[in-house]
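Have a look at the structure below before the remarks.
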Amino acid sequence: MWGFDAGGPVLFDADQKLLSDSSVEGVRVGLRWGMVFFTLRSGCRDGFARGFALRRQGAGYGAACGIALLMGVLAVASAAADGLADLSTYTSRFYRIHTNLPRGEAAEYGAHMDLVYASYSKRFQSLRGQKQKPQNLYLLRTKQDYLQTLSELGINGVGSGGVFFWGPSTGLATWVEGHPRGRTLAVLQHEGFHQFARARLGDELPIWVNEGLAEYFEHSIVVAGKFRTGIVDGERLAAVQQAVERGRAIPFDALLNTTHAEWNRLVASGTARGGLQYAQSWLIVHFLAHGDNGRFRKAFSQYLVGLSGGRDHTVAFRTAFGTLDTAPFARRWERFLKSAEPDNFSEAVNRMQFLATGMARTRGDGAWPETLEKLKAQLIEAKFELRYTGDAGKQTLSATDDKWYSYVDDQGESQAFTLAPTAPASRKRSRTLVGGVLPGGGAGQLPPTLVAAELRPQIHLTWERDEEGAIRSRLTYPVPKGRR
C-alpha cells in the first residue's frame, strides 16, 4: 500500500506503521526487546525500528515490515547471494539465507526460526493456500551492510530497521550489530508469521487478526527446544486493562471490522490508540485461543479456514461463530481481561535481558560485578535507562526501579536473581539459541551468568565468544539434577 509524505511516495510496512528514527535507544518489555536499538521489534507502533517509511526506488514493490527473518539450520554454503557482493548463501529447511555473518551465528538464527516456522505450519495445517518454497532472508552484520544490500535490490531502506518486501525481488532483511537476541527473535517471529500468512491466506486477511496473530507469535519463546505460545505480556495487558477501565478501549465490533485504511490512519495519527489497536487485537486472539477454557478455539480455527478459502470477514465470522453479534464476545473478553495475569517466566527473561544490557553498557574499564548488589549499584551509579514508546505512550525503564532485580517464581513468591561465574562454552553445545553481541568484545573474562534458579526450567542468561571473539549473550534452560 502506498502512502505519501511531503517528499513523495512512502511505502508503509505490512503493519502500515511509520517508523520513528531507527537510532533511538529503547527496549520493548514483553519479549519484544530493542536494546540500544532493541528497536526493530515487530510492530512499528512503538518506534522500534520494525516499522518504517520506505521510499520506492524500483517499481512494483510492496512491503510488510520487520526485522529480517534469518532462519534455518544451515545446510549448504555458497558464495554471493543472487549476485549480491560479499554475501554467502545457506539453505535451511524453510529458508534461503543470505548473510555476511559467521556461519555458526547464522545457523543459530536459522535453527530457531525453522522451529518457529514448523510451529506455524502445524498450527495452521488446515489452511488453504500456497506451500512456500524456501524464502529469501537477508541477515547482515551492520546497518551499512543492510542499506547497501537493499539498495542493490532496488530498495531505499534509509530510516528503516528491517523490512519484509515483495515484488521484483522478495524477502526479508535486517542487520544484527548491537541487537540482542530477544529483540531480534521476537521480530523474526512476528514478521515470520506475516510472511507465512501472506502465502497461506493471501493479502486480504483482516488487519485485526493478521496483527493479532503476529503479536501472539511474537510473544512466544523457545524453551528447551519447544515453542512456548500463549504468553501474556504484563505491560501490554496492563495497558489494555487500563483502557477498558477508563472507557478508552476501541469498541470490540469496531476493531473487528476495521479496514486497513482506517488502521493506517489511526497509526499515522501518532495517538495512543494507534498502539492500543495492536494490543487489543493480540488479546482478542489470545482470548479466542485460550479464554473460557478454549471455548472458542474450534470456531476461531474455522474462521481462519474460511478466510483462507476466500470468504470475506463477515461470512467467515458468521459461519464459524454462528452470529455477527459480537456483544457477547466483548463481555466475555472483558471478564477474561480482569482475571488475566502476566507470564512470570517470560517476564523474568525480560528483566534478565534488561540487566544484561545494563551490565554490558555500564562496565567501563572495571571488572564485571560479582553479585546482584554490585550490579545494581553499578547500574544506578551510571543512571542506566532504556527509553521507548509503547502502547501506553512514552516510557522510561530505569535501573532505580527495584523490580528489575527480582522475579516471581512458580509459587508466586518474589525471588532475587543471582550471579554466577560464566563457564567456557562446550564445543558440543546446542545451537538452538542465539545471543546478542556486546560492544567491544575483546579478550578477558566473560561477564557473569544471570540465574533465575526458582523457575522450572531454570533460566540462565550466560555468555560466550563467537568465531570472531566478540562476546554474545545466550539463554539456556537447564533442569537441576533430581528435579527432572
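The values are calculated or read from the model by the stated rules, or taken from the named source; none is laboratory data. Every value quoted in this text rests on a predicted model; they were computed, and no experiment measured them. Don't worry about glycine lacking a Cβ; one is built from the backbone with ideal geometry, like all the others, and counts go over all protein chains shown.
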Within region 215-226, of all residues that are of a type in the set (A, V, I, L, M, F, W, C) and buried (at least 19 other Cβ atoms within 10 Å of the Cβ), the one nearest to residue 195 (Cα to Cα) is 217
Which of the helices (runs of 4 or more DSSP H) contained wholly in region 223-282 include at least 1 residues that are modelled with pLDDT under 90 and over 30 Å from residue 457 (Cβ atoms)? 260-268
Residues of region 341-379 classified as part of a loop (DSSP other than H, G, I, E, B) and in contact with a helix residue (DSSP H, G or I) (Cβ under 6 Å, 6 or more places away or on another chain), total: 2
Would you please name the residue that is farthest from the chain's Cα centre (by Cα), looking only at residues in region 280-304 that are among the hydroxyl-bearing types (Ser, Thr, Tyr) and farther than 18 Å from residue 244 by Cβ? 303
From the list 72, 51, 110, exactly one residue is surrounded by 24 or more Cβ atoms within 10 Å (Cβ to Cβ), modelled with pLDDT under 80 and within 26 Å of residue 225 (Cα to Cα). Which is it? 72
Within region 259-270, is there a residue that is more than 24 Å from the chain's Cα centre (by Cα) and crowded, with 17+ Cβ neighbours inside 10 Å? no
Would you confirm whether or not region 177-192 contains a residue that is surrounded by fewer than 24 Cβ atoms within 10 Å (Cβ to Cβ) and either touching a Ser or Thr at 6+ places or on another chain (Cβ under 9 Å) or outside the structural domain of residue 283 (by TED's automatic domain parsing) (or both)? yes
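Yes or no, residue by residue, for (1) in a helix (DSSP H, G or I); (2) closer than 19 Å to residue 254 by Cβ; (3) modelled with pLDDT of 95 or more:
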position	(1), (2), (3)
298	yes, no, no
304	yes, no, no
311	no, no, no
314	yes, yes, no
325	no, yes, no
328	yes, yes, no
331	yes, yes, no
